[in-house]
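Student: Mind looking over this structure? Questions follow.
Throughout, read-outs are computed from the coordinates displayed, never taken from laboratory work. Everything quoted here is computed from the prediction, not taken from an experiment. Cβ placement follows ideal geometry from the backbone for every residue including glycine, while neighbour counts extend to all protein chains displayed.
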Amino acid sequence: TLPTIGFIGLGNMGSGMTKNLQAAGYPLVVTDLRRESAEALLAGGAQWASTPREVASASDIVITMLPTPKHVGAVASGADGLIAGLADGGTWVDMSTSVPEVLDGIRRSETHRGLRILDAPVSGMSVGAANGMLQIFIGGEAEDVARLRPVFEAMGDPERILHVGGYGAGYAVKLMINQLWFSHLVATAEVLSVGVAAGVDLGVLRDALVASPANSTFVSRDVLSILDHGDYDEGFAIALACKDLGLSIDLARSVGMPVELSSLVEQVFRRARAQYGDRAGEMTPVRLYEDLLGT
Ligand code: NAD
């Protein structure tokens, strides 16, 4: 029989991930601040738990998919926290985009219990979560990664489930990916808007970029979903994108590396968040440039 999986955080990402775990046959114990987010899972046989502690004590493997490091820390610690419910030697995989520091205290104080803690953040948007095609970056011990591989394969693309280093390496890889992708977004919006203001046709300019060495996934794929469908990806809130940019800059500071461009990109994202609201899609900064052009 398959291990029981406890899953905490049934939002844009967690809802798709749990649906795929359930479809693969894993018994689930779930919780979220909003019980209605679990309705479909409960109808499919999942069990509801009212606290993270209850989730952990009823499952073999706990997975968290929460907005920010603060939420991860809150769910992990305290009398009702998941650590209190984990059996000695129990496994917890945090798939949120977070940082290792949030668990430093817990990891230090719990070493005697032999807990297996991994970070495994993802890429692939809410669509990838729904389709079971996430890219997964795992930080942890090789034996745990091997043991958990079937669980990851139920949520991700088998070709793109990567063991990237020890605990914390997954978070770092994920933050670097988002930092570069968001940098592409701002750079692309900037050149497209200047080109259009200079009189070049937007479609012509985009096609030229796609055929050039300056092409990127943002130019070839994401610009099209904005132009063709007005889709700024509301499945990923800009408030969370700003969180990622802040964490990425904190990481750079903590290792003493200068990141001038990252700070500029963060400013553009923060301006878009202030203008269009926390829940706007993470590609909404493009609208700042559209507004300037009056398009
Ligand atoms: P979300 O806000 O849609 O979902 C988070 C869920 O966590 C919500 O349902 C919320 O109710 C729940 N939650 C918060 N605090 C809780 C608590 N104390 N106990 C129980 N449940 C709690 O966020 P999301 O878009 O699903 O993102 C989750 C994580 O994945 C974030 O770290 C995000 O940066 C990352 N991520 C998101 C995407 C995306 O496209 N949305 C892609 C890759 C990575």
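Student: Using a Gaussian network model of the chain with C-alpha springs under 10 Å, which one of SER50, SER96, SER248 is most mobile by mean-square fluctuation?
Tutor: SER50
Student: When the chain is treated as a GNM, springs tying every alpha-carbon pair under 10 Å, which of GLY73, GLY14, GLY199 comes out with the largest mean-square fluctuation?
Tutor: Looking only at GLY73, GLY14, GLY199, the biggest GNM fluctuation is shown by GLY199.
Student: On a straight-distance basis, which lysines could pair with LYS243 in a cross-link, Cα separation under 24 angstrom, same-chain partners fewer than 8 positions away excluded?
Tutor: Straight-line reach from LYS243, under 24 Å: LYS70, LYS174.
Student: Also, quick follow-up: Sort TRP92, TRP181 so that the residue with the fewest other Cβ atoms within 10 Å of its own Cβ comes first and the one with the most comes last.
Tutor: Fewest-to-most ranking of TRP92, TRP181: TRP181, TRP92.
Student: Moving on. Quick check: the distance between the Cα centres of region 243-295 and region 67-92, to the nearest angstrom?
Tutor: The distance from the Cα centre of region 243-295 to that of region 67-92 comes to 30 Å.
Student: Quickly work out the LEU264-to-GLU141 label distance, labels modelled 7 Å from Cα along the C-beta direction, and quote it in nm with one decimal.
Tutor: 4.5 nm
Student: Ok, one more. Aspartates and glutamates within cross-link reach of LYS19: Cα-Cα under 16 Å, excluding same-chain residues under 8 positions apart?
Tutor: Counting by Cα, and skipping residues close in sequence, LYS19 has these aspartates and glutamates nearby: ASP32, GLU36, GLU39, GLU153, ASP157.
Student: Of the peptides 122-133, 55-66, how do they stack up when ordered by the mean number of other Cβ atoms within 10 Å, highest first?
Tutor: 55-66, 122-133
Student: Here's a follow-up. Could you work out the helix-only [θ] at 222 nm for the chain, with each DSSP H run of four or more residues adding -39,500 (n - 2.57) and the total divided by the number of residues, to the nearest 500 deg cm²/dmol?
Tutor: After summing the helix terms and dividing by the residues of the chain, the value is -15500 deg cm²/dmol.
Student: Expressed as cubic angstrom per residue, what is the convex hull volume of the alpha carbon set of region 172-293?
Tutor: Here the figure is 107 Å³ per residue.
Student: Quote the relative contact order of the chain in percent (integer), defining contacts as alpha-carbon pairs under 8 Å separated by 6+ residues.
Tutor: 14 percent
Student: Mind telling me which of LEU245, LEU192, LEU134 comes out most flexible in a GNM of the chain, alpha-carbon contacts under 10 Å?
Tutor: Most flexible of the set in this elastic network: LEU192.
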